[in-house]
Ligand SMILES: [Zn+2]
């Protein structure tokens, strides 16, 4: 909807900056590894940084445990042989540039992993307890019967911005925001589906118009624990670039740009026959005030910060911290909600990147890591994630 002109010099500068942004370097090195059998089978990862918190997730058919170490570079030998006995069959790894090191354990059966971080001189030792006795004879899966409470998955509503008659912003190469948001949303959906304990729900999965109230309604009916709205906006400044993450502000936008952006997103809604929420009525205002006292906004900020910190690892961010603006789509008083502006479609280089499957996937992966990190830490009661968190806390002593 808005187009803008970049001078040649600025194009070069933006390009140079984007190149630098792609080179964000790893902050930690994995310099030692050991697999030990004390009571349980334990893995030791020695790191030269204190800032690494791993992400663990299990996969079945065949059983695997995936250990992601963010911003970590491998600088040691991991065992490459296949183990003929014991729960671990073999160890593989993949270096995902500087973003993370992924270690995959091929397992003979399911494990109940937990981890503990032990500070050491100049870094930390990450101790992963597989929750399985070192002696395979004792470690039958039925050895620990449990009263099974009905647990549920944590639910993430993924909202691909715009759609149908509402194209959203339009890039200089005529890229439509609604197509980019849907592509990223679908990739995010696929990634989250692979996460045990998390169930994603797409607000729209085709090129259709869904009004903002309906978007929130769909999320609420799905029982969403988190609402993530994906956008790729344009702004009337030719040097604007990078990702931004927004949550709802109570007293309006915290920056002029945020105000402008909120206006443009809401305008888009008004233009295409959506409910206008600009003239906020007293009841809504009161709801927002109550909301401020509740934890929803705080949770939204936390989720936003987790997502933004992952986006910082893959490229430029427009602002270093989560911004607050008055986006209508975030006005669900009961569901923590964030709005991700993936990049500026108005920036020629970013428009090009947004069109590449590779970059869409990179964005989706970063958002997914942020969402998962938030949900694991703030696991809603009654979910598999909450139960797992408690188990881990219990075994971390
Ligand atoms: Zn948008």
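Among 301, 216, sorting on how many other beta-carbon atoms sit within 10 Å of each Cβ, with the fewest leading, yields 301, 216. Against the empirical 2.2 N^0.38 Å (N residues), the stretch 29-139 has a Cα radius of gyration ratio of 1.02. Counting neighbouring Cβ atoms within 10 Å and putting the fewest first, the residues 228, 210 line up as 210, 228.
Legend: ranking of residues 246, 115 from fewest to most surrounding C-beta atoms inside 10 Å; resulting order 115, 246. For the stretch 29-139, the relative contact order comes to 31 percent (Cα pairs under 8 Å, sequence separation of at least 6).
Read-outs: derived from the displayed coordinates by stated rules, not from any lab. All values reported here derive from a predicted model rather than from experimental measurement. So basically every Cβ, Gly included, is an ideal-geometry build from the backbone, and we count neighbours across all protein chains shown.
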